[in-house]
Structure formats: structure tokens, C-alpha cells
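S.K.: Let me begin by handing over the structure; questions about it come next.
The values are calculated or read from the model by the stated rules, or taken from the named source; none is laboratory data. None of the values given here were measured: they were computed from a predicted structure. Cβ placement follows ideal geometry from the backbone for every residue including glycine, while neighbour counts extend to all protein chains displayed.
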Amino acid sequence: MNFSVGLIKEMSTMTEGITEAVSEAAESGLNIQNHVLCSDFLGTGFRITYTTMNTWIIMGVLILFAVIVRIKLNKFKAVPESGFQNFIEAIVEAMDNFVGSNMGEKYSYFGNWFFGVFVFILISNLIGLLGFRAPTADLATTACLGFSTFFLIHFMGIIKGKKEYFKGYFEPFPFWLPMNIISELATPVSLSFRLFGNILGGSIIMGLFYTLPAYVKVGIPAALHIYFDVFAGCLQTFIFVMLSMSFIADKIPDETK
Amino acid sequence: MEDFILSLDINLLKDVAFQLLNTVILCAVLSYLLYKPVKNFLAARRERIAGQIDSAENQLAEANKMKALYEEKLKSIDKERENILSDARTKAVKREQEIIAEAKEEADALKNRAMVDIQREQEKAKDEIKKQIIEVSSIMASKFVAVSINQSQQDKLVDEVISDLGEVKWLS
């Protein structure tokens, strides 16, 4: 107990150190640090941060887009004529195939969840290009995504085979139980910290780079943005969704695949 | 208002809960408005195309079956034609023979009738000759009786009668 409290304190000091180190960069107007906009949202006790704000912006854009798609869907032709229809069909079909190949055709209903998660993470990672602070650079967002994967892993494991699920904790040896529990708990932690660390790291490096003298800020930031925002953003999105699917598929009995 | 990068405190848990709510809402809306309808649209189209391909294949199979059936029929039609032709030929030959036989019969009948006619005519002619001979004889007798004749006259008369008879006989 003392150990864990000490660890958290240690980590807090570390983050305070990082915070100080980048506060200078943050003062130059860049969104390295998260900022609390409202500490008690409508008296619910929840706080509104940049993360929340940007999440809402992304949600608004995506929901608007979905509404447009829903309206246009009635005009979709059996033989696609518009580029818009082709685009929508392509992304939905790609997601469907992605889920189908990772989890099996029977579980393609997971596409409903993972499509939203995929699009949300992708837009969150790419929104840094527009000068917003990426919601995925906040542990709250990635932890919520990691927790939802954790929940789905164990929920699916239990409803698809109680016996195999609990037996799995005592394999290969019964005394391996603590190890198995730790590895199960490590899954959401590794998922959320991987995404959080990659995106936050990218934005910190970008923020620090922008504190450099003006003459190195011509052209070079574009390449860095392509790497840290576009490349790392897409890659981390793919990794997160892919790993989530594989972890859930692992807990589903093999015969259904 | 404070700035932070990572805070491991109760606020983090609250933020996680809030973000979870946002994510669930976003995913639900995207699923309801975008993913599911488009997926259903694609599935419906896939099904329709599959149905069309299936029905096309069925129709092709049916057409092939019909084709085979008609080809067989055509083959049997050839056979039938041959049968009909040979039938007709044999019938024609029969009919030919019949016609010939009939013609022969008719010719025979005509010939017979002609023969009978000829015979009848002959009889008639004979009768007539007889009658004429009798007439001539009676005329000669009457002439012998009426005129006294010398030897030369008698010879002349006999010659006359004979030449008359000859003429009659030749005529008949």
C-alpha cells in the first residue's frame, strides 16, 4: 500500500517536473498543457478542460457529418455515381472487413463500436494539425478507451463461455493466477498509455520546436507534423483498434471464428 | 484555472467517466446514423446482386436445358422426316404398282371387249355374206330362168357373180 502511494507521489512529482519544463513552451501559446476551463460543469462536479471542449468539437463535426450521410443515404444509387457515396461505402466496407477479419464475421456487430472509436481517435490525433490540443493527449480520453476495451474483453469472455473464461486464469499452472490477473490489468493500461504517450510526446516535441528561433521554423515543422500528427496519429489509431479487437477476439471461443 | 498535463487524482477519474459518456454517445450516434444504415444499404445491394446472379444462372441453366431438349427434338425430327419420306416412298411405289395393275386390267378389259366386238362383227359379216350369197344366188337363178343364155353368156355371168362375190368377201 505504502509502495503504491509512494509510486503515485513519485509519478506526480515527475509530471510536475515535466509540467514545469514545458510551461515555458506553453506560454508561447501552444497547447502542450491541458487547461481547465470550468471546474464544476453545471454543478455536476465534472470539469471542462481543453480535452472536453475539443472532444465536443469533434463530436459535433462527426455527428453533423453522420446526419449529412444519413440524409444523403436515401439518394444513394445501387450503382455509385457520386464520389461522396464511394467514399462512405469505402470507409464502412473497410471497417466491416477489418472487424470481420480480426474477430470473425459473426462478431461484425463490433464494427458499430469500433467504427466510432476509430474515427474519434483518428480525428483526435489529426486535430493537432489545426492547432487544437488532441483529446488523445489526455490520459482521461485514452484511459476511457482502454477501459471500454477492458470491459468488452471481460464481458465477452464471460458471456461467451464462463467456464473457459475462469479456467483461463489458472493456466498454465494454478499458481500462475496472480500473473494472469496482472497481465489482464496491464492490457488497458498499456493500451491507454501507448496512445496517450505517443500523442502527448508528439505534441510536446512540436511545442518545444516552436520555441526555437524563427529561421528553423520554415518548412521543417511541416515535416514534423507529417510524422508526429499524420503518421504517428494514423498508426496509433490503427494499433489501438487492432489490439482491442485481437484482445476481445482472444476471449471469444475459437470455433465461432 | 489551472494547467496540467497528467494529474493522477480524483479529477482524472471524473474526466474518464465524462469522456466515456462522450465516447459512448458519439459511437452510438455514428453507429445509428452512419455505420448501420450504410452497412445495411451495402448488405441489401450485395444480396440483390447475388440474387440477380443466381437468377441469371438459373435462367442460363434452364435455357441450356431447353436447348438440349430442342436439339434432341431436332434429331428426332430428322428421324421422323426420314420415316415419313420412306413411308411416302413405299406408299408411292405401291400406288404406282396399283395404278399400273389397274391400267393393265383396264387395257385387258378393253381388249377383251374389242375382241368380243370384233367377233360379233365377224359373225354379223358372215351372216351378211351368207345373206348376200343367197341373194346373189337367187338373182342368178332368176336371171338363168328369165333369159336363155348361150355358153358364152353363161360363162360371162358366172364370172360376173364370182367377181361380185370376191368383192363382197374382200369387203367383209
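S.K.: Please find, among A:Phe170, A:Phe166, A:Phe151, the residue that is within 14 Å of chain B (Cβ to nearest Cβ), free of Cβ contacts under 8 Å to residues at least 24 places away in the same chain and surrounded by fewer than 14 Cβ atoms within 10 Å (Cβ to Cβ).
M.R.: Details: A:Phe170 fails: within 14 Å of chain B (Cβ to nearest Cβ); A:Phe166 fails: within 14 Å of chain B (Cβ to nearest Cβ).
A:Phe151 is the lone residue from the list that is within 14 Å of chain B (Cβ to nearest Cβ), free of Cβ contacts under 8 Å to residues at least 24 places away in the same chain and surrounded by fewer than 14 Cβ atoms within 10 Å (Cβ to Cβ).
S.K.: For segment A:132-152, what are the residues that are assigned to a helix (DSSP H, G or I) and of a type outside the set (A, V, I, L, M, F, W, C)?
M.R.: A:Pro135, A:Thr136, A:Thr141, A:Thr142, A:Gly146, A:Ser148, A:Thr149
S.K.: Hey, another quick one. Could you please let me know if A:Ile205 is within 14 Å of chain B (Cβ to nearest Cβ), in a helix (DSSP H, G or I) and surrounded by fewer than 18 Cβ atoms within 10 Å (Cβ to Cβ)?
M.R.: yes
S.K.: Say we look at segment A:51-94 and pick out the residues that are exposed (fewer than 14 other Cβ atoms within 10 Å of the Cβ) and among the small types (Gly, Ala, Ser); which of these is farthest from B:Gln52 (Cα to Cα)?
M.R.: Filtering first and then ranking leaves A:Gly60.
S.K.: Report every pair of residues separated by at least 6 positions or lying on different chains whose Cβ atoms are under 8 Å apart, first residue within segment B:55-72 and touching a residue at least 12 places away in the same chain (Cβ under 8 Å), second of a type in the set (Asp, Glu).
M.R.: Going by the 8 Å Cβ cut-off, there are no qualifying pairs.
S.K.: So, A:Gly233, is that one closer than 30 Å to A:Asn34 by Cβ and not polar (S, T, N, Q) or not?
M.R.: On the way: closer than 30 Å to A:Asn34 by Cβ: yes; not polar (S, T, N, Q): yes.
Criteria met by A:Gly233.
S.K.: Is it the case, given these coordinates, that B:Val38 is over 49 Å from the mean Cα position of the chain (by Cα), in a helix (DSSP H, G or I), within 30 Å of A:Gln85 (Cβ to Cβ) and facing another protein chain (nearest Cβ under 10 Å)? Spell out the reasoning first.
M.R.: Values: over 49 Å from the mean Cα position of the chain (by Cα): yes; in a helix (DSSP H, G or I): yes; within 30 Å of A:Gln85 (Cβ to Cβ): yes; facing another protein chain (nearest Cβ under 10 Å): yes.
Yes; evaluated as a whole, the condition is true for this residue.
S.K.: Taking A:Pro221 and the conditions (1) in contact with a helix residue (DSSP H, G or I) (Cβ under 8 Å, 6 or more places away or on another chain); (2) at pLDDT 90 or above, which numbered condition does it fall short on, given that it satisfies the others?
M.R.: The number of the failed condition is (2).
S.K.: Right, here's the next one. Within segment A:132-148, take every residue that is more than 8 Å from chain B (Cβ to nearest Cβ) and among the hydrophobic types (A, V, I, L, M, F, W, C) and give me the one that is surrounded by the most Cβ atoms within 10 Å (Cβ to Cβ). Spell out how you get there, then give the answer.
M.R.: To start, the set of residues in segment A:132-148 that are more than 8 Å from chain B (Cβ to nearest Cβ) comprises A:132-134, A:136-137, A:142, A:146.
Add one more test, that the residue is among the hydrophobic types (A, V, I, L, M, F, W, C), and what stays is A:132, A:134, A:137.
Working: A:Phe132: 16, A:Ala134: 28, A:Ala137: 30.
The qualifying residue surrounded by the most Cβ atoms within 10 Å (Cβ to Cβ) is A:Ala137.
S.K.: Here's something else I'd like to know. On the basis of being in a helix (DSSP H, G or I) and either free of Cβ contacts under 8 Å to residues at least 12 places away in the same chain or farther than 30 Å from B:Ser163 by Cβ (or both), does B:Lys126 make the cut?
M.R.: On the way: in a helix (DSSP H, G or I): yes; either free of Cβ contacts under 8 Å to residues at least 12 places away in the same chain or farther than 30 Å from B:Ser163 by Cβ (or both): no.
No; evaluated as a whole, the condition is false for this residue.
S.K.: Ok, one more. Using beta carbons and a limit of 7 Å, which pairs, at least six apart or on different chains, have the first residue in segment A:238-249 and closer than 20 Å to A:Asn125 by Cβ and the second one among the β-branched types (Val, Ile, Thr)?
M.R.: A:Phe240/A:Ile121; A:Val241/A:Val117; A:Ser244/A:Thr149; A:Met245/A:Val99
S.K.: Of all residues in segment B:1-24 being part of a helix (DSSP H, G or I) and more than 7 Å from every other protein chain (Cβ to nearest Cβ), which is surrounded by the fewest Cβ atoms within 10 Å (Cβ to Cβ)?
M.R.: B:Ile10
S.K.: Residue by residue through segment A:43-82, note down the ones that are under 30 Å from B:Phe4 (Cβ atoms) and among the basic types (Lys, Arg).
M.R.: Selection gives A:Arg47 alone.
S.K.: I'm trying to understand the selection: among the residues of segment B:14-69, which are of a type in the set (Phe, Trp, Tyr) and within 17 Å of A:Arg70 (Cα to Cα)?
M.R.: Looking only at segment B:14-69, we keep the residues that are of a type in the set (Phe, Trp, Tyr), and these are B:18, B:32, B:35, B:41.
Answer for segment B:14-69, where residues must be of a type in the set (Phe, Trp, Tyr) and within 17 Å of A:Arg70 (Cα to Cα): B:Tyr32, B:Tyr35, B:Phe41.
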